[in-house]
Each structure stands twice: as C-alpha cells, then as structure tokens.
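The values are calculated or read from the model by the stated rules, or taken from the named source; none is laboratory data. Here the structure is a predicted model, which is why all the values come from computation and not from measurement. In this analysis, Cβ positions are derived from the backbone assuming ideal geometry, glycine residues included, and neighbour counts consider all displayed protein chains.
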Amino acid sequence: MPTILEELAGVYVRHTSYSELDAVTRIIVPFFLSLDVFFVKDITTATLLAVTALVFLLWAGVPLRFLKNYLFLILSLSFFIVLSFVFFKEVPGNTLYSTTILRVNAERGVWEWKILITDTALLQTAFFILRILAMIFTATLFIATVSDRDIVWGLRRLKLPAWVSISASLFFRGISFFVSDFLIVREAMIARGVDFEKSSLARKFRIYLNALIPLLSLMVTRSLEISLALESRGIQPSTTFSASLHRGKLTIKDYLVLAFTVFLTIFLAWWFTWRF
Amino acid sequence: MAILEAKEVYWRYAGSKKPILENINLRVDEGEFVAITGPSGAGKTTLVLTLIGVIPQRLPGEFQGKVLLLGYDTSRTQISEITRNVGVVFEDPEIQFVMSNVEDEILLGLEPLQLDEHEIQERIEWSLNLVGLDKSFLPRSPLQLSGGEKQRVAIAAAVARRPKLLILDEPTSDLDPQGKEEVVSALRSLINEYRTTVVMVEHEPELIVEFADRLLVMDEGRIVLEGEPSEVYELGETALKHAAYPPDYIQLARQLNIKARDTGDLLRQAYSNAVKFNGVCNPRVIEGRKGDVIVSIRDVWFEYKPEKPVIRGVDLELRLGELVFLMGPNGSGKTTLSKLVAGLLKPSKGEVLIDKRGVGEYTREELSSIIAYIYQNPQHQIFNQTVWDEVAFGWRLRGVPERLYAEKVEEALKLFNLKGLEEEHPFFLSKGEKRRLAIASVYALNPKVLVVDEPTTGQDRRLGEQLMSIFRSLVDKGKTVLVVTHSVGLAYKYADRLLVMVDGRIIADGSPRLILEEDDIVYKAHLRQPVEVQVCKILAKAREHSNPFS
C-alpha cells in the first residue's frame, strides 16, 4: 500500500526491515516519539531524541533527499530562533559577545536594546532547533511508513463503530481528491488567462476566492455520490464491523522495537520529573 | 415472479418545480435483464435511487406511488435491509471507491452481512474471478487501477453480496474502449455463470442489444417506449426523438433499406449481396487542412518524472479550419499532448509554435486569447456565480469595460443555447448546460483554436451529436478544434483528420476511414472498427476470396 507520503507528495520509500513491522508498531513508534518531545528539557535529551528519530527514519528507508527539500524550512526556523535569542532575549550566562544597538535615556531610567550572545543562549538555541528537528523527523517517520489503510485497520481493531474508520478512510480519499481538484482548477484558471506569478496579492486572493466555487461544488457533488455508494451497500452510521481479517500477530522484532520506544519515553519522563 | 414492481411513481426534488419522475410503472421478473436508456437528465439515475429506497428515505422531496422490491415497500423498509439483496454499481468508478485497496473495498459491502472469515475470503475470491480479476489485485490501491479495472472491482464488490437484483447505472460511460470491453466481458461471465436479475442504465446500444431482454426508454421523467431492444430501435425517428440511438448495424441496415439481426448478419449479407451495399464505401471528401498552420509542434518530448517520457518526439501541425480528433488508449499521452498544444505544459525538449511564435513568448492572457482549453469535467472550470459572469470572466480578467464585451458575451450565450439562463447559478445547470457553458466561456474570447478534452464522456449520444455540430460550425468559421475522445463513432462521423497516439507517439495521422481500416492500428490503440469499415473490408475480401464465413 502506498504510504501517506507517497500518496500526497509522490515520494517513494524503499522497502526495509522497518516496513515489515506490524502496522500497530509503525503507528505506536512515532506516537511515543512525539510524546517524548514534551519530556525533553535539555540539550542532552533533545539530542538523544533527535538522533533516535533520525535513526528510525534512516532504518525506515526514507530518502534523505526528501528531507533535503525541507532543509530550507528547517534552516529558516533555526535562523528565526537564533535571531530571537540574540536580538530579543538577554539570557544570563557567560557573555561571548555583546553590543548595544539602541540606547534611550528617559526620565525614569535608561532603556537599551542589546545584542547579547551568551553560552546559555547558544545552548538554548541548539535545544530548540534539536526539538524542532525531532518533531519533523517523527512526523516524517509517521507519514512515510504508515498508509491510510494502516490507520483504518488500526481504528477497526479498537472496535470503534464503522463510521469512525470509514470517516478516516474518506478523509484520506478526500484529501487526495481535493489536492487533485485544486491543481486542475488552478490550471483551468491559467488556461483562461490568469497569471498567478504576476498577479498582486489582493488579486491573487480574489482569484482564489473564485476557485472556491468549483472546489466547493465538486466537494458537495462527491460527498453526495460517496454517501449514495455507501448507502447502496447497506453501510450506515450504526453498522458494526464483523470481519476478522488481517489480525496479524506482533513478532519478536515488534516487541523489541515497542519495548525500546516505551523505555525511551519512560526514561525521558523520569529525566523530566527528577532532573527538573 | 416479480422481483421489482413500481406503481405510479412520482418524485419531485424539494425546491424543484418540475417532477423528475412521473407515472413510472415498471415490473422486472426474476432472471430478467432490463435496460433503461434515454437522454441525460431523463431521470434514469433518480429512478435507480428510487428503486433502492434512497428516494424518498434519504433525499427531501415529494413522493407518490409504490415501489416493491422483493416484496419490501422501499419507502418504509430500512435501506440496509433492502440493500442486503441488491447490488448497485454507479457510473463513476473513481467515486465508488471508499476504501484504500481492492480487498477492503469488496470487504466493506460484506461487513453488514455478519459472515465468518472463511465465507468472506471465499466470496472475495469468487467475485473477483467472476469479473476476470485475480488475487494479485487484492492489495492494490484504486490509484493503480485502470478505469475498466476499477469498474470491474465495483461490480465484484456488488456481486460478492450475492444480490438477487443487480443494478448497474451506466457502468461503461466513463471508460475508454478497452475499459468498456473489460466491463463487457465481466458482464458476459456474470450473465453466464451467475444468473441474476439485472437492471442496467446504459447509453451504449451495442451493449443493450447484446444483453438486454427488454428495453425501457425514459424521457422527461416518464417511460416513453418499452419493448425488445431491436423492436425499440427499429422505431427509427420515434426512438431517436428520445435519444435512443440504434446500434451502428441497425443504422446502416436502415440506410440501405435491408434487415439485419446483428452485425454478423449484416456482414454476411454484405458478402453475399454486395450490390445492396453500393455507396457505403465511397471515399469521403477530406475537408481538412484548409488554412494556415496555427500550431506547430516539433520533436516535442515531455516527462512528469525524470527518465519517464510521456510524450516522445511528437511532430504535429494543426491548421485553421480543421476538426481534428485525437484518440488512443488511457495513458497514451493524449491529455498531455493537448495541454502542450494549449501551452499549459512546457515541453522537456523540442518546441511548440503558436501562430509562428514560440509558446514561451506569449503572456498567459495573450495565449488564452488564441488557444482555449476545455476540461473533461466542466465543474473544474466554472468559477463564477452566474452564467453571465462566467462567460464574461475572461474579459473582466483583462480589465475590459463591460460595454466593450457585452455583445460578445451575448453572442456566445446565443450560440451555445444559454439565453434565458444568464442569471442562473452554474451549479444548478444540467450536465449538458454546464458543458455548453464551459465552451461558451472560452469561446467568448474568440480564440483561434479550441482544445476539448473528452467532451462526450458520460453524455448521451444526442448531446454528443449536438456538441459535434457546434464544433463543426466553429470549424466552418475558420477555427481549429482538437477533440480528445474515446468515441470512435463520433470520430468516424465528424473528424476531418484523426490522430492516433500510443505510448507517447503519434502512430497514425490522416483520414479517419483509412486509419480505422488498418487492423494493426485499431488493435494497438484499443479502438474498434465502425461497422461501415467492417462492411467495406468484407466487400473487398469478397472480391478477392471465396466465402470467409465458410
């Protein structure tokens, strides 16, 4: 089954031993890693989490060129964090560099805007960047190794009513429909003479408002057609699923990976609780 | 025994002034195959929804009469109870897929039946085999299936429930000739091996004649004609008035004033009595290639993914005053080539010249004033809240004052028969009106070339013929129209010039008759030979050999 990443961005993830893990494991691992983000509080644990997420990502066979595409975003965020620490926050610590940009003498005292770089500020910056990287790696791990079917069957195993897993399935189908409709509508506008590159922001906004008309009408039509297709198969909100297909058993490898992930979370929670 | 009975059924959607169904009386007996045909908007799909109880139970409106399905009153019985014994296959194979792979899709319909795992597995495999697919399809995503395969999976999902009644709503209308053939062979094995009662809404007369015991023709919400398919088609003008176009062999037989049971019979007669067929094979005058070259494509290559070219070294010239048809199997590159012609895609290699200038030298506004592109689904290109605004959109975009373009908008509305609908919201137009609006809105800018992608998909033959007449009148005014289509019948009848694409290359370019006579091209491009062409070949053979049927 194509993963969410493959369906949305067309990025193919090669088959590795990670892909052979049970779907439950592939859902739980990123879930616990994302939980860990809340527990990391210093550069050591943030590094540990970012490296762990990266190792999982490499094990899962996610092409690094995909991450490279997001490098600009990561660099921008990092740059923004550095700037905010340097320009807007005076973090106490050993001063490495200091200069005053603006000094205002007022009746009640002096107001100064300083650039102050301390060792603690640099450590905090590194900590935030590592935390963001861990989040990006974890989210990528999830969408690159889980298919919408894995999620739907995961929900089924939780014995939730049929409408929950059908809604989840329709949600993913809906996204791909919406994306492809949006691209066609945009192209249809170009075919009528709209130049998105040369239009002003206000004009672009007006044009995109126009694009909502076909998109909404297509959504309404499709929703009606899908609901009719479901009705005609006897599927209703109250339907319960009975099929017991695909109840695979977890292997030793699954248990080992799950144990490691849970252990990491417990360790970070302990670190978080006892060290701070 | 009656499986289905409808008595005096009347239905009007809430907010609509006119009823969609009126005075519908229908009886379908066990084991019968009943076909329903008629123009788009006749109420066929509404009738299907009424038969399974969605109307009046789920949609708001006024309902009168009674529908009994296997003895259940469908207006009162739970839909889940009704659909236990009914399988429904809708027109659009894409939309019907709710789940993310074939196995889950078939399984979904079996879920409410509370079957055990063994029975479920057995039914999934049985239904797939019945439609000519195997177990290797089970893990496949709908995105990996062709149109024909998707529709066969939809049929398998319906049949897996072992319904007593199977309802098919235009199962082949969205498919290319190969997809159609796949679905037809699935239907054949369905009829031969699993003798169920079938109600099929269909436009294709060849399918109706092959499978149906009885044909109902609907128009404006009523059943206007009923009988054996061949009897109904023999009614000639009366049937045509309700968009019940006969199969090609009946049309040709009528033209020659002879009787024929089927295509085979007609071909036999052609062999044994060639004199009667005089005139059928007269060469048609090729009217195309009248004007100057307006589009010139030289050694064009295009790829969406590196190293995987979709268009491979295409050379093509389009001239003013030509009606050109572009055909070929799904995935052969027809839509990509048409978008290259319209300047919507930039070639990876080679050049596209529009009116002797490179496509890159034009601004978007300039290009769209010369070449218009009309999408397969008109809903994708309707952006405004009234019909008038939609037709005027291109002019407004260019900042032209209304007094300067109002006349052109009026002219487009008149030409495309949209007068009186100026203030309507496009969303509420019929399929045919939306299609005409989409063309009118690009025509208003007076382009020299119109590129039209699949204009007749999912439309009845009458609407197809209407569109072709419009295209012909545009060509007569000196414009060039490039039509991407799967309809061999329309291409044969209307094209000045036929282009056939296979694997990103144009393998044939010329007169439709000469191209469609070539078995090799027809086979490679998954086309079918029109009956006239088959007759001509038989006549030619007859002159050379003894009886080819012996």
Task: Residues of region A:131-152 that turn out to be surrounded by 23 or more Cβ atoms within 10 Å (Cβ to Cβ) and more than 14 Å from chain B (Cβ to nearest Cβ), as a count - done: 7
TODO: With the checklist (1) within 14 Å of chain B (Cβ to nearest Cβ); (2) at pLDDT 85 or above; (3) within 23 Å of the chain's Cα centre (by Cα) in hand, flag the one item A:PHE177 doesn't pass.
DONE: (2)
Open item on the list: With the structure loaded, tell me whether A:LEU228 is in a helix (DSSP H, G or I) and farther than 27 Å from B:LEU450 by Cβ or whether it fails that test.
Closed with: yes
TODO: Assess whether B:SER173 counts as being part of a helix (DSSP H, G or I), polar (S, T, N, Q) and either modelled with pLDDT under 90 or farther than 20 Å from B:GLN459 by Cα (or both).
DONE: no
Open item on the list: If I filter region B:425-445 down to residues being of a type in the set (D, E, K, R) and within 12 Å of chain A (Cβ to nearest Cβ), which single residue comes out as surrounded by the most Cβ atoms within 10 Å (Cβ to Cβ)?
Closed with: B:LYS434
- [ ] State all residues of region B:376-412 that are surrounded by 13 or more Cβ atoms within 10 Å (Cβ to Cβ), within 13 Å of chain A (Cβ to nearest Cβ) and among the small types (Gly, Ala, Ser); if no residue qualifies, say none.
- [x] B:ALA392, B:GLY394
TODO: Filter the helices (runs of 4 or more DSSP H) completely within region B:447-521 down to those with at least 3 residues that are surrounded by fewer than 23 Cβ atoms within 10 Å (Cβ to Cβ), out of contact with any strand residue (DSSP E or B) (no Cβ under 7 Å at 6 or more places or on another chain) and without any contact (Cβ under 8 Å) to a residue 40 or more places away in the chain.
DONE: B:461-476
TODO: Would you mind telling me which numbered condition in (1) modelled with pLDDT of 90 or more; (2) within 14 Å of chain A (Cβ to nearest Cβ); (3) in contact with a Gly (Cβ under 7 Å, 6 or more places away or on another chain) B:LEU345 fails?
DONE: (3)
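Table: residues versus (1) under 30 Å from the mean Cα position of the chain (by Cα); (2) of a type outside the set (A, V, I, L, M).
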| site | (1), (2) |
| --- | --- |
| B:ASP299 | no, yes |
| B:VAL314 | yes, no |
| B:ARG319 | yes, yes |
| B:GLY328 | yes, yes |
| B:GLY343 | yes, yes |
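Conditions (1) of a type in the set (A, V, I, L, M, F, W, C); (2) on the phi < 0 side of the Ramachandran plot; (3) within 21 Å of the chain's Cα centre (by Cα), marked per residue:
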site	(1), (2), (3)
B:ALA392	yes, yes, no
B:LYS408	no, yes, no
B:LYS419	no, yes, no
B:GLU422	no, yes, no
B:LEU437	yes, yes, yes
B:VAL442	yes, yes, no
B:THR457	no, yes, yes
B:GLU465	no, yes, yes
Open item on the list: Of everything in region B:86-109, what is within 11 Å of A:SER232 (Cα to Cα), outside any helix (DSSP H, G or I) and facing chain A (nearest Cβ under 7 Å)? Give them in sequence order.
Closed with: B:VAL88, B:PHE90
TODO: Answer yes or no as to whether A:LEU264 is more than 10 Å from chain B (Cβ to nearest Cβ) and either surrounded by 15 or more Cβ atoms within 10 Å (Cβ to Cβ) or within 29 Å of A:SER147 (Cβ to Cβ) (or both).
DONE: yes
Open item on the list: Take A:SER238 and tell me if it is within 11 Å of chain B (Cβ to nearest Cβ), loosely packed, with under 14 Cβ neighbours inside 10 Å and at pLDDT below 80.
Closed with: yes
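On the basis of being buried (at least 20 other Cβ atoms within 10 Å of the Cβ) and closer than 24 Å to B:VAL131 by Cβ, does B:ILE24 make the cut?
no
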Task: Residue list for region B:357-368, restricted to those being farther than 28 Å from B:PHE428 by Cα and either in contact (Cβ under 8 Å) with a residue 12 or more places away in the chain or within 14 Å of chain A (Cβ to nearest Cβ) (or both) - done: B:VAL359, B:GLY360, B:TYR362, B:THR363, B:ARG364, B:GLU365, B:GLU366, B:LEU367
